[in-house]
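Everything on this sheet refers to the single structure shown next.
The values are calculated or read from the model by the stated rules, or taken from the named source; none is laboratory data. The structure displayed is predicted, hence computed values, not measured ones. Cβ placement follows ideal geometry from the backbone for every residue including glycine, while neighbour counts extend to all protein chains displayed. Keep in mind that these areas ignore ligands, DNA and RNA; they rest on the heavy atoms of the full protein, side chains included. Shrake-Rupley method; radii C 1.70, N 1.55, O 1.52, S 1.80 Å.
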Amino acid sequence: MKSYKKELWFETRSRRELVNITPDVNVCLQESGIREGLLLCNAMHITASVFINDDESGLHHDYEVWLEKLAPEKPHSQYRHNGFEDNADAHMKRQIMGREVVVAITEGKLDFGPWEQIFYGEFDGNRRKRVLVKIIGE
Ligand code: ZN
């Protein structure tokens with residue numbers, strides 16, 4: 001069995017941003033040489049997500065509105081977590097959007113359903129943060 005690991009780094013210019021990382025993950029898959037197996041991709045921070053969905057700008061706007069309804073960023077004082085930090089909302093947004101995805105590797109490709117793309121969901125940005133890609137198989 002082969003094993004491959006790589007960290008991808010991101011620094012968004014806004015507090016919240018969704019980044020399509022499918023091309024980066026595909027580069028990892030090509031580098032690994034693995035043709036049959038499983039790929040795990042997870043955020044290494046508790047205020048960011050990795051999830052799979054459609055790369056459609058209307059939907060991404062809808063996510064922003066929906067997440068702000070569920071866990072509004074402001075006022076910061078509404079959260080007990082916000083003492084030394086102001087990112088309680090980001091922890092909650094990450095919880096809803098998930099920590100990781102697992103994708104089957106079939107014949108050297110990410111075995112996606114229709115329109116599936118992998119996203120990095122940043123909820124407390126403006127600093128360097130990373131995503132882990134781990135691939136096992138043969
Ligand atoms: Zn925090």
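Of note:
- Share of carbon and sulfur in the accessible heavy-atom surface of region 2-137 [1.4 Å probe, %]: 52 percent
- Euclidean distance between Cα centres, region 2-21 to region 31-55, Å: 9 Å
- Sum of side-chain charges, V65 neighbourhood, beta-carbon under 13 Å (Lys, Arg +1; Asp, Glu -1): -1
- Distant alpha-carbon pairs in the chain (separation over 20 angstrom), percent: 48 percent
- Considering only G33, G98, G113, the mean-square fluctuation computed in a Gaussian network model of the chain, springs between alpha carbons under 10 angstrom, is largest for G113.
- Loop chymotrypsin sites (Phe, Trp or Tyr not before Pro), region 2-108, which have at most 13 other Cβ atoms in a 10 Å radius of their Cβ (DSSP): F84
- In the chain, helical runs assigned H by DSSP with n ≥ 4 each contribute -39500 (n - 2.57); averaged across all residues and rounded to the nearest 500, the mean residue ellipticity at 222 nm is -8000 deg cm²/dmol.
- Around K93: net Lys/Arg minus Asp/Glu count, Cβ-Cβ under 10 Å: -4
- Under 20 Å from the W115 label point (7 Å along Cα→beta-carbon), backbone N, region 57-91: 57-67
- Considering only I34, P72, H60, the residue lying farthest towards the positive end of the dipole of region 29-95 is P72, judged by Cα position with unit charges set on Cβ.
- Per residue, region 69-138 exposes 59 Å² of accessible surface when a 1.4 Å probe is rolled over the protein heavy atoms with every protein chain present.
- Projected label distance in nm at S57 and R13, using a 7 Å step from Cα toward the beta-carbon: 1.6 nm
- Max mean-square fluctuation residue, GNM over the chain, Cα-Cα springs under 10 Å, options N20, N53, N82: N82
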